[in-house]
Amino acid sequence: MTHAAILEIVNIFGLVACIVLALSGWIYGAKFLKKKNYLLGLEWWIVAFSATNFVSYMLTASNVNFSITMFLDSFSRSFGMPVIAVIGLMALTHNYKPSAFKEVMLFVLAFAGTFVVFLADFFQEIRPYFYVITWSILVMYLFYFIICLVRAGEAFHALATTITAVVSMAVAIVYDFFPIPGDDTHMIFMTWAFVTWGYAIIQLYYAYDALERAQKVSIGSFIPARQ
């Protein structure tokens, strides 16, 4: 098999993985919005929109689509997942639900911060380290979320979320620091990243749903005991 044929197969796998990521974001973002968790729902949609633009870039080679994807990728790595998604998950772990105004301001400030991270010259050298640090914040919170799942008796989702935390951290580290040998177009890495992020989007929804159900059962069983 020629190098060109192998490259074409890699690109096809990458395209399929990116389409799956986009669909996962759109579908499970809508599911979070139905739960009235707008932080998680909109962040999932931002990931979906980013993936959709990358699909368009792969099919058309449009620089506009590529630029949108890179900016939104920076958004999710800098603030979307480590800040907005964490606060969204805190609706269960800390019973914290910010007001609509605070939610809007979170997105406004996150986009403003992303413009600095993505465009400022002084961020050029430290940007990869910043991404790893911010993603580490997300992973540390996820381990707390995992403990909550274990305490709720959701061992399966605790294990599945542990996989999310570990593999996504590996992706964050490899992203800028350890290029895969022979992966000149970065599509082998991107395929792995797309699959990881798609899995994370789906698994975190079901883990959230499981913990939410467990909390409702716990509250329901506590109320009759007090009567």
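The values are calculated or read from the model by the stated rules, or taken from the named source; none is laboratory data. Keep in mind it's a predicted model, so treat the numbers as computed, not measured. For neighbour counting, all protein chains shown are included, and Cβ atoms are generated from backbone atoms with ideal geometry for every residue, glycine included.
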Worksheet entry | Of all residues making up segment 182-213, the number that are of a type in the set (D, E) and either over 20 Å from A61 (Cα atoms) or at pLDDT 90 or above (or both) | 2
Fill in: Qualifying position, being in contact with a helix residue (DSSP H, G or I) (Cβ under 6 Å, 6 or more places away or on another chain), over 18 Å from Y144 (Cβ atoms) and in a helix (DSSP H, G or I), among I180, I202
I202
Discussion item. When you check T60 against the structure, is it under 30 Å from I9 (Cβ atoms) and surrounded by fewer than 19 Cβ atoms within 10 Å (Cβ to Cβ), yes or no?
Written reply: yes
Discussion item. If I173 satisfies all but one of (1) touching a Pro at 6+ places or on another chain (Cβ under 7 Å); (2) over 24 Å from G41 (Cα atoms); (3) surrounded by 13 or more Cβ atoms within 10 Å (Cβ to Cβ), what's the number of the condition it fails?
Written reply: (1)
Practice prompt. Inspect all residues belonging to segment 149-167 and state whether any of them is buried (at least 19 other Cβ atoms within 10 Å of the Cβ) and closer than 14 Å to G14 by Cβ.
Written response: no
Worksheet item: Within the set of pairs 6+ apart or on separate chains, which have a first residue in segment 22-37 that is closer than 12 Å to Y208 by Cβ, a second that is among the acidic types (D, E) and crowded, with 21+ Cβ neighbours inside 10 Å, and C-beta atoms under 9 Å apart?
Response: F32/E43
Practice prompt. Evaluate segment 104-112: report whether one residue or more is modelled with pLDDT of 95 or more, more than 24 Å from P128 (Cα to Cα) and either of a type outside the set (D, E) or within 15 Å of the chain's Cα centre (by Cα) (or both).
Written response: yes
Practice prompt. Answer yes or no as to whether Y175 is of a type in the set (F, W, Y), within 20 Å of F32 (Cβ to Cβ) and modelled with pLDDT under 95.
Written response: no
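For (1) of a type in the set (G, A, S); (2) assigned to a helix (DSSP H, G or I); (3) under 17 Å from S76 (Cβ atoms), each residue gets a yes or a no:
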{"site": "L106", "(1), (2), (3)": "no, yes, yes"}
{"site": "G113", "(1), (2), (3)": "yes, yes, yes"}
{"site": "I133", "(1), (2), (3)": "no, yes, yes"}
{"site": "S136", "(1), (2), (3)": "yes, yes, yes"}
{"site": "Y141", "(1), (2), (3)": "no, yes, yes"}
{"site": "F145", "(1), (2), (3)": "no, yes, no"}
{"site": "A160", "(1), (2), (3)": "yes, yes, no"}
{"site": "V166", "(1), (2), (3)": "no, yes, no"}
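Yes or no, residue by residue, for (1) in contact with a Gly (Cβ under 7 Å, 6 or more places away or on another chain); (2) at pLDDT 95 or above; (3) among the acidic types (D, E); (4) over 15 Å from F194 (Cβ atoms):
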position	(1), (2), (3), (4)
L7	no, no, no, yes
V10	no, no, no, no
L21	yes, yes, no, no
S62	no, no, no, yes
T69	no, yes, no, no
L72	no, yes, no, no
F79	yes, yes, no, yes
V83	no, yes, no, yes
I87	no, yes, no, yes
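Can you tell me which residue in segment 113-122 is modelled with the highest pLDDT, limited to those that are exposed (fewer than 15 other Cβ atoms within 10 Å of the Cβ) and of a type in the set (F, W, Y)?
Checking each candidate, the answer is F115.
To keep it simple, each residue is scored yes or no on (1) in a helix (DSSP H, G or I); (2) in contact with a strand residue (DSSP E or B) (Cβ under 9 Å, 6 or more places away or on another chain); (3) aliphatic (A, V, I, L, M).
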{"position": "L42", "(1), (2), (3)": "yes, no, yes"}
{"position": "W45", "(1), (2), (3)": "yes, no, no"}
{"position": "F49", "(1), (2), (3)": "yes, no, no"}
{"position": "T52", "(1), (2), (3)": "yes, no, no"}
{"position": "F71", "(1), (2), (3)": "yes, no, no"}
{"position": "P82", "(1), (2), (3)": "yes, no, no"}
{"position": "P98", "(1), (2), (3)": "no, no, no"}
{"position": "K102", "(1), (2), (3)": "yes, no, no"}
Worksheet item: Tell me, which residue of segment 69-103 that is closer than 14 Å to W45 by Cα and hydrophobic (A, V, I, L, M, F, W, C) is surrounded by the most Cβ atoms within 10 Å (Cβ to Cβ)?
Response: M81
Discussion item. Regarding segment 1-10, can at least one residue be identified that is out of contact with any strand residue (DSSP E or B) (no Cβ under 7 Å at 6 or more places or on another chain), closer than 15 Å to A200 by Cβ, β-branched (V, I, T) and in contact (Cβ under 8 Å) with a residue 40 or more places away in the chain?
Written reply: no
Worksheet entry | Pair list, Cβ < 6 Å and 6+ apart or interchain, from segment 165-189 residues that are closer than 20 Å to S136 by Cα to residues that are among the acidic types (D, E) | F189/D183
